[in-house]
Amino acid sequence: MVIYPVESGPFATIGYLIYCTETQNGVVIDVPLDSTSFFLEYIDKNKINLNSIFLTHTHWDHTADVAKLIKETQAKLYVNKLDEYRLIDPMKHTLMPLPFELESVNPDFYFQDGQKISIGNIKFEVRFTPGHTEGGTTFVIHNEKKVFAGDTLFYGSIGRVDLPGGSYDTLINSIREKLFTLDDDYEVYSGHGPKTTIGFEKFTNPFFQDN
């Protein structure tokens, strides 16, 4: 298994290409603005079959290049249904004026909590982690001890809860129940910033030290 991160866009958002080296099948998790060319170059160079795109949530900085990547690869799009509305009418939910147009896109599949999805020989478990948005979703690869958390959990912090669909109590519960129940040595890849581990966040993250 290989993880290829691409950091791009005005908020330094990170999308991840994960692919199985045995089958060459891959998935992209989140598609930030201006990330498509980097993904396509890597996909072409390594002869990867991009079958799927997973979205952790649908804030525009994580989805701006989704339509472009789908057109280039015909990959199928997965999202939690509660977050679908930002994909259907993206310009209505940007929260700020943008100097470019976001293209509407329709998902192909909806995630279910606890669902297992295989990309080649890589097995992802889908965990519903709302709080940053209504449909926030985290992906866990147990045999590799990897967690792709989007904006749910960061190195030393948590996702914003002051945007529409956000809830502090919901986010804290999601992290406690769906992430902190994993072993301490699971590595966490977030939508912004450096990677971390479950154990490090459990014992040092300031949002969890007084509870």
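Observations
- One residue stands out among those in the stretch 170-211 that are among the polar types (S, T, N, Q) and within 16 Å of the chain's Cα centre (by Cα): the one that is nearest to T129 (Cα to Cα), which is S174.
- Tallying residues that are part of a loop (DSSP other than H, G, I, E, B) and touching an Asp or Glu at 6+ places or on another chain (Cβ under 9 Å) within the stretch 95-115 yields 5.
- Answer residue from the stretch 78-94, given it is part of a loop (DSSP other than H, G, I, E, B) and under 17 Å from the mean Cα position of the chain (by Cα) and is farthest from D169 (Cα to Cα) among those: E84
- Number of positions in the stretch 116-156 that are in a loop (DSSP other than H, G, I, E, B) and among the charged types (D, E, K, R): 4
- Within the stretch 164-184, the set of residues being of a type in the set (F, W, Y) and farther than 13 Å from A149 by Cα comprises Y168 only.
- Residues of the stretch 163-211 classified as closer than 21 Å to H59 by Cβ and of a type outside the set (D, E), total: 24
- Any hit, the stretch 64-74, residues being surrounded by 19 or more Cβ atoms within 10 Å (Cβ to Cβ), out of contact with any helix residue (DSSP H, G or I) (no Cβ under 9 Å at 6 or more places or on another chain) and touching a residue at least 40 places away in the same chain (Cβ under 8 Å): no
- Residues of the stretch 166-191 that turn out to be out of contact with any helix residue (DSSP H, G or I) (no Cβ under 7 Å at 6 or more places or on another chain) and in contact (Cβ under 8 Å) with a residue 60 or more places away in the chain, as a count: 2
- Taking the stretch 13-73 as the region of interest, the strands (runs of 3 or more DSSP E) fully inside it that hold 3 or more residues being polar (S, T, N, Q) are 49-54.
Taken together, the values in this text are just the output of simple stated rules run on the coordinates, not laboratory data. Fair warning: this is a prediction, and the values are worked out from it, not measured in the lab. Cβ: placed from backbone, ideal geometry, glycine included. Neighbour counts: every protein chain shown.
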